[in-house]
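Shown next, in structure tokens, is the structure this report addresses.
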Amino acid sequence: MVGPGVRAVPMDQYIHQTLGGVVRQLRYLVFAVIIMSACLVMLLTALFMKLRLAKDRNEMAVLKALGFSDAAIQTQYLIKMGSLAVMGILTGLFLTHTLGSPLVNGALSLAGIGIKRVELVASPLVTYLLCPLLLLALVLVVTGFSIKAGEKHSIIEMIHQ
């Protein structure tokens, strides 16, 4: 028994009452960041593929002249971009895991808003599975669409450009 006039509230209920609005706003913010990040990944991949296809136009013409199918050329680009994406994702996960909290703490201390230390807690399912798979899927889908757009040209057009 705590005593007369004193009421004990479960911790989950206390956190919901005091931080419920902040948590809700943070969820909206995280969702918005995910959408913007996905759009940025798609834009950068599309621009990179456009430049890459312009650079490799003669090489693709030679491959087509040698008898490689459009599917084989598309598979080659998908493997290249997929491996680049996997390396980038693994590097990003490593840097986030090692430098994430120190960088956030440094930025908050420089901002001077009174927060001394923040410990980032992430869901392993989201951090190590869902986000990397989403990024990889976006890169591969945009790469596939970029290659399909480049298949409209004939070998002669590709060599003369």
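What follows draws every value from the coordinates through simple rules; no lab data is involved. Note that the structure is predicted; figures quoted are calculated from it, not measured. Every residue, glycine as well, gets a Cβ built from its backbone with ideal geometry; the counts of neighbours run over all protein chains shown.
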| Neighbour-count ranking [beta-carbon atoms within 10 angstrom, fewest first] of ARG27, ARG52 | ARG27, ARG52
| Distance in nm between pseudo-label sites at VAL86 and ALA111 (7 Å out along the Cβ direction from Cα) | 3.7 nm
| remark: Cross-link reach from LYS116 to lysines, straight Cα distance under 30 Å and at least 8 residues apart if same chain, gives none
| Length added when fully stretched, ALA65-THR127, from 0.36 nm per residue minus Cα-Cα | 17.9 nm
| said: Could you identify which residue out of GLN13, GLN25, GLN74 has the top mean-square fluctuation in a GNM of the chain using Cα springs shorter than 10 Å? | reply: GLN13
| Using a Gaussian network for the chain with springs between C-alpha atoms less than 10 Å apart, which of these wobbles most: ALA46, ALA65, ALA111? | ALA111
| Under the rule of -39500 (n - 2.57) per DSSP H run of 4 or more residues, summed and divided by the residues of the chain, what mean residue ellipticity at 222 nm is obtained, to the nearest 500 deg cm²/dmol? | -27000 deg cm²/dmol
| Between region 1-40 and region 104-130, how many Å separate their Cα centres? | 16 Å
| query | For helix 70-111, what angle does its Cα long axis make with the longest principal axis of the chain, in degrees from 0 to 90 and rounded to 10? | reply | 30 degrees
| field | At R0 = 35 Å, FRET efficiency that the Cβ-Cβ distance of ASP12 and THR75 yields, to 0.05 | value | 0.10
| message | For the chain, what does the relative contact order come out to in percent, with C-alpha contacts under 8 Å and a separation of six or more? | response | 41 percent
| GNM result for the chain, Cα springs below 10 Å: residue of VAL118, VAL41, VAL139 fluctuating most strongly | VAL118
